[in-house]
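Since the structure comes first, as structure tokens, the remarks are kept for the end.
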Amino acid sequence: TARLLHPNILPVLSAGGDETLLYYLTPYVSAGSLRGHLPTHGPLPAAQASTVASEVLAALKFAHARGVVHRDIKPGNVLLSNGHALIAHFGIARALEAMHDLDDGRSSVAPPPAYRGPENPAGEAADLSAVGALLFEMLTAHTPGPDVSAAAMSLALLECNGSARPEALRALALVIARALCPGPGRGFALG
């Protein structure tokens with residue numbers, strides 16, 4: 001993970017551990033994560049949410065090109081620094097799973113259900129699906145429900161972010177619905 005030098009990935013300064021404890025050191029980001037921001041400040045404006053999602057996607061494209069999948073994209077792992085997104089905790093889910101495989105095998109590390117995506121995809125598809133859920137939460141301050149149709153997404157975005165242009169919200173709703181809908185060919189690929 002330390003080799004992922006990108007403006008939207010929180011750098012790892014040092015890492016280590018033993019059989020029972022893993023650690024890594026990163027720079028301190030005073031603004032905190034989206035998980036802390038959304039409950040106190042509410043939904044992000046559509047333009048800011050789009051920028052954050054674009055930066056997260058740029059970081060994921062960079063990581064995926066180097067064979068690294070995040071596996072745990074969620075608001076708690078997206079930090080805000082000077083108005084820009086920084087993805088934290090690259091590879092932590094895989095490291096924890098490997099550590100738990102060494103013990104009794106009953107432990108499981110997985111992102112929250114809303115961030116697992118349709119049909120619980122693996123690898124890069126899971127990251128991209130999670131960005132759809134992240135975008136929805138940034139725009140509404142809620143995780144997406146079971147109805148991920150474009151109509152349901154549009155209605156939810158209009159209710160929570162009504163000051164934005166309706167056509168912009170409809171476009172974002174289509175992106176979110178496509179990222180979250182199950183079925184072959186429904187998701188996105190970074191190209």
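Bear in mind these aren't lab numbers, they're just calculated from the coordinates by the rules spelled out. From a predicted model like this one, the values you see are computed outputs, not experimental measurements. Here the Cβ positions follow ideal geometry from the backbone for every residue, glycine too, while neighbour counts run over all protein chains shown.
Miscellaneous remarks
- Proximal charge balance of Leu57 [Cβ under 13 Å; K/R count +1, D/E count -1]: -2
- Neighbourhood net charge (14 Å Cβ-Cβ; Lys/Arg +1, Asp/Glu -1) for Leu44: -1
- Positive contributions from Lys and Arg (+1) and negative ones from Asp and Glu (-1), summed over other residues with Cβ under 12 Å from the Cβ of Ala114, come out at +1.
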